[in-house]
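Single-structure report; data block below.
The values are calculated or read from the model by the stated rules, or taken from the named source; none is laboratory data. Quick caveat: nothing in here was measured; it's all calculated off a predicted structure. As a convention, Cβ positions derive from the backbone with ideal geometry for all residues, glycine included, and neighbour counts pool all protein chains shown. Protein only, heavy atoms only, side chains kept; ligands, DNA and RNA dropped before computing areas. Shrake-Rupley method; radii C 1.70, N 1.55, O 1.52, S 1.80 Å.
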Amino acid sequence: MVNKTLQRVRRIRPGRLLQDTLHGLWMRLTLALVMLLPVLLFAGMYYKSSMLLQTNSLLELIFSGEWKPMSGKFGFYPFIISSLWVTVVALLLAAPICLLTTIHLTQYARRWVLRVMHPVIDILAGIPSVIYGVFGILVVVPAIADYIGPVFGKQISGYSILAGAVVLAIMIIPFILNILIEIFKNIPDELAEASLALGATKWQTIKLVLIKKALPGIIAAFGLGMSRAFGETIAVLMVVGNVTRVPTGIFQPGYPLPALIANNYGEMLSIPLYDSALMLAALILFVVVLLFNFASRLIIIQSEKRVA
Amino acid sequence: MDGIKISIENLNLYFGKQHVLKNIDAQIPTNKITVIMGPSGCGKTTLMKSLNRLTDLNPDAHVSGSIFIDGEDILQTKDDITLIRKKMGLLAQRPYPLPMSIYNNIAYGLRISGRRKKKVLDRRVEHYLRQVSLWEEVKDRLKEPAGRLSIGQQQRLCLARGLAVGPEIILADEPTSALDPISSQAIEAQFNILKKNYTIVLVTHILRQARRLADHVIFMYLGEVIEQGSAAQVFENPQQEMTKSYLKGMFY
Amino acid sequence: MKWKPKNAEEGFFRVLMFFSTVIIVVALLMIIISILYKGLPALSWAMISQVPAGGFYFGREGGILNAIVGSLYLAGGATLLATLIGLPLALYINVHLVCHKRLVNGIRFVLDLLWGIPSIVYGAFGFAIMSYFGIRVSLLAGIITVALLIVPIMVRAMDEALKVVPHGLLESSLSLGSTRAETAYRVFFRQCLPGLSTAVLLSFGRAIGDAASILFTAGFTDYIPTSLNQPTATLPLAIFFQLSSPIPQVQERAYASAVVLVFIILVVSILARIMSNRYQKNKINF
């Protein structure tokens, strides 16, 4: 009996074995595809934008304000500055709301509030960006033109950096909120209990212990929110005005990078460098967002490690 | 049959740099209950998992030595790993029923090894459920999800499921630790019946359970086998100081 | 409200916190109400049952059936393709690689990075690839682009469901003599069916709502596509294009289209909830 088993290598039914092998192969293939995707994205866009980079230096392109595609002048400065304006203003609007709401929901709120807020956050997160754009045109733009502008003594159309930022802020709120709530929930209860046991009030505990503990996570959540805002296209494009000029205030129209790509791509292929320039815009967007995400995710991982 | 079913020779196992099993030499007799006992963290579970090579799952695990089952070294074999595992039914610390009906929990193992005829499946399912005395309790709700059974019933279902694959060995890793006393008794009673046809390896840190069930004992401490032998010998006349103090309840 | 603040500072901040929470609810209500208010009056049976007739974009007859069906085709196709890639990948991470902790964390990290990449970048990339290979805008090109966009979202959502499966279930399944693939597709798949189906529907919702990635890849047409090689209209772009028209009737149709899109998204998310409850049946609560 022993000899017989030693002589022959036993295998499970060939059908099952084949199935297992094929599944394993396909699984590995999907993994390879997805892991290579960022490299592919970078390579594809770099290849397309290299034509423009051959004749112009990157720094020159970024800091030049002259955008005249017909005569081959591609200065990204106005677009980059517009992007920064809408992104930063959106974050300034969203950040305090997110932080305050998170503390409210995780520390003070009653059960029914949570039961209401969970679906509210989910629905907000699920609304497509074009709907946010429609909302911007219906509500935000007129509100700025008719109420907010006049308060500051401005006669404006409402299509402005501020309109883009408000719409963006609402869009990134559910996104940031979900991360923040997760971070606050991950703080062990013992920490707060220890502080309370030392005689601190609840508010002192929140202010001095919880927020301090969560600070890296809070910064990272804002970083992720910012990068989301930086890349958002359609909703911003619909309300921001799209004027090629370096904006100097929130009531002026702007023309962020994603809007530039969306508005012009696919149309101007007759000018080869134009195509290349728009791809460079996409590449800049990609790299900036990737770096922001990278740093933020790293901070979150580090702070999770410290908690654990 | 009074042979040796499993023979472990010079087995060493590392998790990374941690030396978990040290020069293990042990024999497990055929159709007996062999109890591996020792304080928690001594490598009992790891030793048991290396028997059906679940230790392969851990990429940091590094194994050397031999484990002969029926004279064949399963660490060196070219046979398919799933066939080795099929030879051994596993009963874990707590029941892990499959996410499907009671019936399909038993039929699952039969189906994947190619038995698909409804009649055959029906007969087998009933047979194995009877074998663990679960049939009367569940015969009217075979289509119900297994998750609805009580924990004790789930563990017996897991035992039946393991038997249905047709193993020769049953590996049980503290199988009663999550159960109430009555279900524990039921499982222990099963073991005493099953040992007529199966070689049972039972890991436990409950001394009384070891005394109740063991035919053969392997006592481990800090990754080493301190003492092994027949239950009578180890319990009544231990040779090592360590074993003596463990049996007196000096440490757990 | 019953609370009594211990000091003025806490009281002040609690009022702020309360208002922040209210602002979020109000924002959602305003979005829904403004869209319904403008869109419902313009919505008619003809809008959702007809394709655009001649002069539709000057305010004459027709509807947006082309965009509705196109969007369902596109999102359906993309979700299907993404599931073919995402499900095996998610299972692979949690069944085959489960003990390679660092590798799995690395993969999750890359997925999170991919999730953050803006859809316009996918759109531009898709277009670049298409022009390189000489492919014209089409339903297929749109499906592939959107699938790439939603794969990371889907995998991470599936991953969340799969990673809580206890290790013992994996060991049990292997001990019964299952292969890895059988463990993945028969055991883990069934155990996580609620979470997996939610992940698929979530991705569908993301796919049907995205505009920037299909702007240059799926094109736009007045007809319902009959093959993968034809361009297709989509709801988000229909809304976008109609809204940029100066003609009021056309703008109103954009609002009506927005109602349709919101309706679809809501149905999908409700469906997600129902499905996740329904498939709960066989799940073992460890």
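The table that follows gives values for the structure above.
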item: Within chain C, helix-based [θ] at 222 nm, where runs of 4 or more DSSP H residues each add -39,500 (n - 2.57), nearest 500; result: -22000 deg cm²/dmol
item: Inter-chain Cβ neighbour average for residues B:37-47, partner chain, 10 Å; result: 0
item: In the stretch B:149-252, the trypsin sites (Lys or Arg not before Pro) that fall in loop regions by DSSP, at most 13 other Cβ within 10 Å; result: B:K196, B:K248
item: Relative contact order (percent, whole number), chain B, Cα cutoff 8 Å, 6+ residue spacing; result: 29
item: Prolate/oblate/rounded call for chain C, Cα gyration tensor, a/c under 1.5 rounded; result: oblate
item: Per residue value of the accessible surface for the stretch B:4-247 (all protein chains in place, 1.4 Å probe), Å²; result: 40
item: Centre separation in Å (Cα based) which lies between the stretch C:159-174 and the stretch B:54-109; result: 15
item: Positive-pole candidate from A:L99, B:L202, A:S276, dipole of the protein assembly as shown, charges at beta carbon; result: B:L202
item: For residues of A:271-281, the mean tally of beta carbons on other chains within 10 Å; result: 1
item: Shielding of B:55-62 by partner chains, average beta-carbon count, 10 Å; result: 3
item: Euclidean distance of C-alpha centroids, the stretch B:128-164 and the stretch A:176-251, integer Å; result: 50
item: Chain B - mean residue ellipticity at 222 nm from DSSP helices (-39,500 (n - 2.57) per run, n ≥ 4, rounded to 500); result: -10000 deg cm²/dmol
item: Unsatisfied cross-links (Cα-Cα over 28 Å) in the set C:K101/C:K283; B:K87/B:K244; A:K207/C:K163; B:K44/B:K195; B:K118/B:K139; B:K5/B:K143; result: B:K87/B:K244; A:K207/C:K163; B:K5/B:K143
item: Viscosity 1.002 mPa s, temperature 20 °C, Stokes-Einstein D of the stretch B:4-247 from Kirkwood C-alpha radius, µm²/s; result: 115
item: Accessible surface of the stretch A:212-308 [probe 1.4 Å, protein heavy atoms]: carbon and sulfur percent; result: 65
item: Three-way shape call for chain A based on the alpha-carbon gyration tensor, with the a/c threshold at 1.5; result: oblate
item: Estimated 222 nm signal from helices in chain A, with DSSP H stretches of n ≥ 4 weighted -39500 (n - 2.57), rounded to 500; result: -23000 deg cm²/dmol
item: For the stretch B:79-168, the Rg and Dmax computed from alpha carbons only, in angstrom; result: 12.4, 40
item: Average Cα contact separation per residue, chain A, under 8 Å, 6 or more apart, as relative contact order %; result: 26
item: The stretch A:212-245: trypsin sites (Lys or Arg not before Pro) in DSSP loop, at most 16 other beta carbons within 10 Å; result: A:R245
item: Within the accessible area of chain B (1.4 Å probe), percent carbon and sulfur; result: 48
item: Accessible area expressed per residue, the stretch C:47-282, with surrounding protein chains retained (probe 1.4 Å, Å²); result: 36
item: For the protein assembly as shown, fraction of C-alpha pairs farther apart than 42 Å, in %; result: 46
item: Cα centroid separation - the stretch C:59-126 against the stretch C:214-243, whole Å; result: 19
item: Contact surface A-C: accessible area buried, both sides summed, square angstrom, 1.4 angstrom probe; result: 6800
item: Trypsin sites (Lys or Arg not before Pro) lying in DSSP loop within the stretch B:22-66, provided at most 16 other Cβ fall within 10 Å; result: none
